[in-house]
Amino acid sequence: MRLFKATYRDRNGNKHESQKWYVDFSDHQQIRQRIPAFADRKNSKLFGEKIEKLVVCKMNTEPPDRDLSEWLEQLPQRLRSKLAKIGLLDKRRVAAGKTLSGHLEDFRKSLGVGNTQVHVKTACSRVRRVFDACGFLYWSDISASEVKQAISKFRKTVQTVNIKKGRKVKESKDLGEISTKSKNYYLQAFQQFCRWMVQDHRASESPVEHLDRLREPETEHRRALNFEEVCSLLEATEKAPTRFGMAGHDRAVLYLLAVETGLRVRELQSLTISSFDFKHCTVTVQAEYCKNRSRAVQLLKDNRALQLKEFFTNKTPKAKAFDMPSSYRTASMLKADLAGAKIPYEDEAGRKADFHCLRHSLATALDQTGASLKERMAIMRHSDRGNLTLGTYSHVQVYDLKRAIENLPDYPWPGTIQSQQARATGTYDTGVVPGVFAKCLAKSHGENQNLPERTGEVTADSDIETPVFNGPGRIRTYDQWIMSPLLCR
């Protein structure tokens, strides 16, 4: 390697010396190359030494080590392009000098495989917002501290269009700081982008991988609806007018399906008529719409499958099962129906009854029926990676899940006379699943007491509060009920 400054003559014939130093070296093909380095001799010499190491790696077909990789990532784009033109750098190494906008577009394409367009758009928009807030242009600009500070200051804004002097004017309304959960979503999306850069060999390591997510307040923001509240909601919704493009009967059936299957909003929106197997009493959600990206097959009650089959009679197999509004308007739709049923949207503890509370209601009902933890986890599609014994050595069969599903409270089908008569006679006033109360008592007083199956009316002692079965050997009242975080996330 030789380090020198080039000389040249101007238009007047005067001799001058170049400001930058030049590095003269032999590449991996023994061809003499000359590359302009820096104005500083020390940095230019270091540049030449790194190039010699890079030539040795290329001749030995070995990847650059960690120090050399980090040095290459910090090089200016012009020098990286020169080395790529000579053949000392592959295309992926050159991509380190690519703008973050270009990387984000490639990330968008790779994320589109196996994910919905809504998920891809949301993730990329979050990453883009972090870029804009921090002013990042290249990969070397990313700083973990700047990312954390920028996300902590994010605020929620709403764009409104007002007419002033006959012209439409867009205005931005500040709704305050976003929630801790939303901030964690931004950090998660940005970490996913940086992790993809490393996996695609565009970077050596992620600069934000060590950042911990913000700790959310340990308060329960969502509650579950009890049996009486679900019945009142279905009855009031059945009689309610059309809201958000859905008739009252359609909304009632939607709520009933949600509270008996635990399907999330996006999963319900993805359902078509072909998603239902009325013969085997199942409903299937494709993997790209599920939270864990795994295909979900949920069991239905036998009588519910027949009722749903009749409900979907006039629809084609490819038609949408429910003409639901957007995810944000779905919450407003349920809030309006709750108000129509005179059910408080928020209780005294500040817990709200949004659409996801229907999934909480299923978890609570499964616990009341005496379903085992393994059965509840399978129906709710939850995982317990920390418990090897429960997760690996405990098995549950399909008929066990079917039994748990059939033991769920017998919610009335919207619009049926039988369900209204049952509620009028007080059959469902206890909130306890018929046929389970005797088994609960047997388990609570000991396994040696063999109580007969319920064949007639059950008369509860007037001094005892309405019991709720909460796992083997325990009965608790509604006032003592505290929902498990595992089953209600």
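Values in this text are rule-based calculations from the coordinates and carry no lab data. From a predicted model like this one, the values you see are computed outputs, not experimental measurements. No Cβ is skipped: glycine too gets one built from the backbone with ideal geometry, and neighbour counts run over all protein chains shown.
May I ask you to compute the full-extension gain from E49 to T160, defined as 0.36 nm times their residue separation minus their alpha-carbon distance, rounded to one decimal in nm?
Length gained between E49 and T160: 34.1 nm.
For a quick check: sort H360, H382 by the number of other beta carbons within 10 angstrom, fewest at the front.
By the 10 Å Cβ count, ascending, the order reads H382, H360.
Using +1 at the Cβ of each Lys and Arg and -1 at the Cβ of each Asp and Glu in the stretch 27-72, identify which of Q33, P63, I51 lies farthest towards the dipole's positive end.
Result: Q33.
Treating the beta-carbon of each Lys and Arg as +1 and of each Asp and Glu as -1, no other charges, what is the dipole magnitude of the stretch 2-97 about its Cα centre, to the nearest 20 debye?
Values: 22 positive and 13 negative charges, 97 e Å.
Roughly 460 debye, rounded to the nearest 20.
Suppose the chain between H280 and H382 were pulled fully straight at 0.36 nm per residue; how much longer would it get relative to their current alpha carbon spacing?
Fully extending the segment from H280 to H382 adds 34.4 nm.
Go through 33-46, 234-247 and give me the packing order, highest mean Cβ count within 10 Å leading.
Descending packing order for the listed peptides: 234-247, 33-46.
Over 17 Å, how big is the tail of the calculated P(r) for the stretch 295-349, in percent of all Cα pairs?
For the stretch 295-349, the share of Cα pairs beyond 17 Å comes to 64 percent.
Principal axes first, then extents: for the Cα atoms of the stretch 100-199, list largest minus smallest coordinate on each axis, whole Å, largest first.
The principal-axis extents, from largest down, are 54, 30, 26 Å.
Compute the distance from the alpha-carbon center of the stretch 1-38 to that of the stretch 258-299, in whole Å.
Value for the Cα centre distance between the two parts: 67 Å.
In the structure shown, do any of K5/K53; K291/K352; K156/K352; K309/K342; K239/K279 have a Cα-Cα gap over 24 Å, and if so which?
Listed pairs above 24 Å: K309/K342; K239/K279.
Beyond 25 Å, what share of the Cα-Cα pairs of the stretch 227-422 remains, rounded to the nearest whole percent?
36 percent
What's the extension gain from K173 to R329 if we count 0.36 nm per residue and subtract their Cα-Cα distance?
Result: 54.2 nm gained on full extension.
Which trypsin sites (Lys or Arg not before Pro) in the stretch 133-231 sit in a loop by DSSP (not H, G, I, E or B) and have at most 14 other Cβ atoms within 10 Å of their own Cβ?
Those that pass, being in a loop and sparsely packed, are K153, K165, R213, R215.
If each Cα of the stretch 2-97 is one equal point scatterer, what is log10 of I(q)/I(0) from the Debye formula at q = 0.10, 0.17, 0.18, 0.21 Å⁻¹?
-0.29, -0.75, -0.83, -1.07
Calculate the FRET efficiency for Q199 and K85 from the Cβ-Cβ distance with a Förster distance of 22 Å, rounded to the nearest 0.05.
After rounding to 0.05, the efficiency reads 0.25.
What is the sum of charges around S270, taking Lys and Arg as +1, Asp and Glu as -1, for the other residues whose C-beta is under 14 Å from the C-beta of S270?
Neighbour charge sum, excluding S270 itself: +4.
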